[in-house]
1. Listed residues I107, I69, I51; which is farther than 27 Å from L183 by Cβ, in contact (Cβ under 8 Å) with a residue 40 or more places away in the chain and in contact with a strand residue (DSSP E or B) (Cβ under 8 Å, 6 or more places away or on another chain)?
2. Considering only the range 170-206, how many residues are surrounded by fewer than 21 Cβ atoms within 10 Å (Cβ to Cβ), β-branched (V, I, T) and under 23 Å from I51 (Cα atoms)?
3. Please specify each residue of the range 217-233 satisfying the condition of being open to solvent by less than 50 Å² (accessible area, probe 1.4 Å), in contact with a strand residue (DSSP E or B) (Cβ under 8 Å, 6 or more places away or on another chain) and at pLDDT below 85.
4. Mind listing just one residue for me: the one in the range 145-169 that is assigned to a loop (DSSP other than H, G, I, E, B) and closer than 18 Å to S55 by Cβ and, of those, modelled with the lowest pLDDT?
5. Among the residues of the range 91-103, is there at least one that is under 22 Å from L201 (Cα atoms) and either open to solvent by less than 20 Å² (accessible area, probe 1.4 Å) or of a type outside the set (S, T, N, Q) (or both)?
6. Residue under question is E120, and the condition is that it be touching a residue at least 40 places away in the same chain (Cβ under 8 Å), of a type in the set (D, E), part of a helix (DSSP H, G or I) and open to solvent by less than 30 Å² (accessible area, probe 1.4 Å); does it hold?
7. If I ask for residues that are assigned to a loop (DSSP other than H, G, I, E, B) and open to solvent by less than 20 Å² (accessible area, probe 1.4 Å), which ones from the range 128-137 would you list?
8. Do you know which of the residues in the range 103-117 that are at pLDDT 95 or above and not in a loop (DSSP other than H, G, I, E, B) is nearest to G85 (Cα to Cα)?
Amino acid sequence: MRIFFKIFSLLGVLIGFVMAILGFTSDENIYVKEYIYKSNKIDSNLSGLKILHLSDFHNHSLYYKNGYIVDKVLDENPDIIFLTGDLIDQYTKTNNIANLETLFESIKNIPTYYVTGNHEYYASCKDEFLLLLKKYSNINVVTDSYKVVDINGTSLNIVGLRDPYEDLKGLSFADVNDEINALEPTLKNIKSSLDDNMTILLSHRPSMMDLYTRYNMDLVFSGHTHGGQVNIFPFFEYQSGRYEKNNTSMIVSNGIGSNGKLPIRVNCPMQIVTCTFETN
């Protein structure tokens, strides 16, 4: 018994040391990660467009510093906001939704586009959340649909794809091929309706990069991974940051919140993403 106690004590010290080296990040720290996106499809009308991307709030408690998050968002002065799912989760109670209303109220004059994540499907308060979204005319729910947006006379396609959670009968760690097989018909159908404008895809899961590339999505915004959350060793193939494959770029956000059972982050701080367009 004494030997086991020493082993566990040693492991605790080792884990603490690793967390200190890599950087322990609480849920009160948010930083802005900035990207520049260049493309031949970006003309003078689109150049300078600033997108702000928020994902994975997992709004299950009242500890969020709403004013701090709102200030961070408004300080960036974005032209468009993208929300890529998991704004609520299975731990969210109805009174927690007020945290999101604080944000939604502050951005009600900014065009905003939203797609579901996996947690929206099984959150107990999902009906209340959907009612909240409907209160705001600027929030466009583009799950399994698309919008053609006019930016200073230039058209931009914004496509949304649902999370495959419901299709896969609740498998949280389904095989990527299963995810692709579930959603490919939807994306194929949407793609057939689009013209050759620049196309942005909002999709919660970054694991389906091959699918996004196959249908020539120009730019993808995704989340889901939390940057690994406890990022000591890479856990996901597309975990955090920017990825390029063929003609598709994908930006994966660390997100804002964390898993309800593990409310800490290591080496992957909470993140607000901005992406500014420039002519190539």
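1. Values: I107 fails: in contact (Cβ under 8 Å) with a residue 40 or more places away in the chain; I51 fails: farther than 27 Å from L183 by Cβ.
Of the residues listed, the single one that is farther than 27 Å from L183 by Cβ, in contact (Cβ under 8 Å) with a residue 40 or more places away in the chain and in contact with a strand residue (DSSP E or B) (Cβ under 8 Å, 6 or more places away or on another chain) is I69.
2. Final tally of qualifying residues: 1.
3. Within the range 217-233, T225, H226, G227, Q229, N231 meet the criteria.
4. If we filter the range 145-169 for residues that are assigned to a loop (DSSP other than H, G, I, E, B), which is where we start, we get 152-153, 162-169.
Within this subset, residues satisfying the condition of being closer than 18 Å to S55 by Cβ are 162-165.
Details: R162: 95, D163: 93, P164: 93, Y165: 88.
By that ranking, first place goes to Y165.
5. So the first thing to find is which residues in the range 91-103 are under 22 Å from L201 (Cα atoms), and the list is none.
No, the range 91-103 contains no residue that is under 22 Å from L201 (Cα atoms) and either open to solvent by less than 20 Å² (accessible area, probe 1.4 Å) or of a type outside the set (S, T, N, Q) (or both).
6. On the way: touching a residue at least 40 places away in the same chain (Cβ under 8 Å): yes; of a type in the set (D, E): yes; part of a helix (DSSP H, G or I): yes; open to solvent by less than 30 Å² (accessible area, probe 1.4 Å): yes.
For E120, the condition - touching a residue at least 40 places away in the same chain (Cβ under 8 Å), of a type in the set (D, E), part of a helix (DSSP H, G or I) and open to solvent by less than 30 Å² (accessible area, probe 1.4 Å) - is met.
7. Filtering the range 128-137 down to residues assigned to a loop (DSSP other than H, G, I, E, B) leaves 135-137.
Once the filter is applied, which keeps residues that are assigned to a loop (DSSP other than H, G, I, E, B) and open to solvent by less than 20 Å² (accessible area, probe 1.4 Å), the range 128-137 yields only Y136.
8. Of everything passing the filter in the range 103-117, Y114 is nearest to G85 (Cα to Cα).
The values are calculated or read from the model by the stated rules, or taken from the named source; none is laboratory data. Just so you know, these numbers come straight off a predicted model, no measurement behind them. Here Cβ is always computed from backbone atoms with ideal geometry, including for glycine, and neighbour counts include all displayed protein chains. Side chains are part of the model used for accessible areas, which takes the heavy atoms of the whole protein and leaves out ligands, DNA and RNA. Shrake-Rupley method; radii C 1.70, N 1.55, O 1.52, S 1.80 Å.
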